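See below for the structure under consideration.
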Amino acid sequence: SFSTWLEAQKQWLPKTDIRVYARVYTCTQQLTPCLELTLQGIKKEHLKAAQHHTRLPITQHIMHRIRLVLQHRPDDYNSKLLWAACCTAFFGFLRCSEFTVPSQNGYVPESRPSLADISVNSRTSPSMIQVYLKQSKTDPFRQGVYLCLGKIGSDVCPITSLFPYLIARKVTPGPLFITKNGQYLTQQLFGSRLNGILQEAGLDAKQYNTHSFRIGAATSARESGMPDTDIQMLGRWKSDAYKLYIRTSKEQLAKLSSRLGARPPTETGQ
């Protein structure tokens, strides 16, 4: 039916264009109840998409603030767990569903990383950790992909965060990230803990969520001058969708606008 076709076009057409299509099809200015319900559903999807693009990125600067909060917490093991999860998400450009489990009873070894999916190039002084992702949004056929996380040599580093957690974690079956009392790190649990950490760091936690790590990784990569092709590769994007993840700070916008007042180069001979 036309309603079914219209629903399929919602990701491509602006809301106003969809309404025009509907009216042209019906040859009247009045929409049928069925088409009106379809348009209402599409409007909700557009609003969700708009909210997606308003989430703030968790950048290198915010990662430092997260680290300071966790450093002052008494629970050493769970602090290591959360810091390792945050750094893995940030440096791996990960979606939350790629390194957590949906529920305590929803762990599927064939689709979520476990301890066996982690490898290091040295047990005493590692400079690289490999994380094997068995499944992701951009890997619908489950071919799997290796994330290669290198040592940075700063306070915010995937090696110095993940390695201490791996040492502290007991060699027990289950997903990669497990709390001190044996709970699996679910998407809801990680989101809740992250919310508390951001509040403790003096940030408005409502403006962030677990996807902010992936957004922040893309934003930080662009700010560091990394080529777009490398950003796309690290984030495993198959299209230009990575550009939607890059946020430009107010400071950067101010610098760009200040260039308009820069003195033009003097022509030779004048």
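Mind listing the long-range amide H neighbours of SER136? Cut-off is under 5 Å, sequence gap 5 or more, other chains count too, H placed in the peptide plane at 1.01 Å from N.
Excluding prolines and chain starts, which carry no amide H, the hits are ARG142.
Set the Förster distance to 51 Å, then compute FRET efficiency between GLN71 and LEU244 from the Cβ-Cβ distance, nearest 0.05.
It comes to 0.95.
Using a cut-off of 15 Å between beta-carbons, work out the net charge of the residues near PRO227 (Lys and Arg +1, Asp and Glu -1, PRO227 not included).
With Lys, Arg at +1 and Asp, Glu at -1, the net is -2.
Would you tell me the accessible area of ILE178, worked out with a 1.4 angstrom probe on the heavy atoms of the protein chains, in Å² to the nearest 10?
Ignoring ligands and nucleic acids, ILE178 comes out at about 10 Å².
For the stretch 60-122, report the convex hull volume of the alpha-carbon atoms normalised per residue, in Å³, without decimals.
Details: hull volume 8.2 nm³, N = 63.
It is 130 Å³ per residue.
Under a plain spin-label model, where a point goes 7 Å from the Cα along Cα-to-Cβ, how far apart in nm are LEU166 and THR124?
Label at LEU166, label at THR124, 1.7 nm between them.
Can you give the Rg to Rh ratio of the stretch 56-167, both from alpha-carbon atoms, with Rh computed by the Kirkwood formula? Present the calculation step by step, with values, prior to reporting the outcome.
On the way: Rg = 14.2 Å, Rh = 14.9 Å.
Using Cα coordinates only, the ratio equals 0.96.
Counting only protein heavy atoms and a 1.4 Å probe, tell me what percentage of the stretch 166-215's accessible area is made up of carbon and sulfur.
Ligands and nucleic acids excluded, carbon and sulfur give 47 percent.
Distance check, please: which entries in LYS170/LYS243; LYS170/LYS206; LYS80/LYS243; LYS134/LYS206; LYS151/LYS243 exceed 28 angstrom between their Cα atoms?
Correct reply: LYS170/LYS243; LYS170/LYS206; LYS80/LYS243; LYS134/LYS206.
Going by amide H atoms built from the backbone, whose H comes under 5 Å of the H on SER114, apart from near neighbours?
Correct list: LEU176.
Please list THR100, THR59 from largest to smallest accessible area, probe radius 1.4 Å, with all protein chains kept in place. Let's see the in-between values first.
Values: THR100 0, THR59 30 Å².
Result of the area sort, largest leading: THR59, THR100.
The values are calculated or read from the model by the stated rules, or taken from the named source; none is laboratory data. On a predicted model such as this, the values are computed, not experimentally measured, just so you know. Virtual Cβ from ideal backbone geometry, glycine too; neighbours counted across all protein chains shown. Side chains included, ligands, DNA and RNA excluded: accessible areas come from the protein's heavy atoms. Shrake-Rupley method; radii C 1.70, N 1.55, O 1.52, S 1.80 Å.
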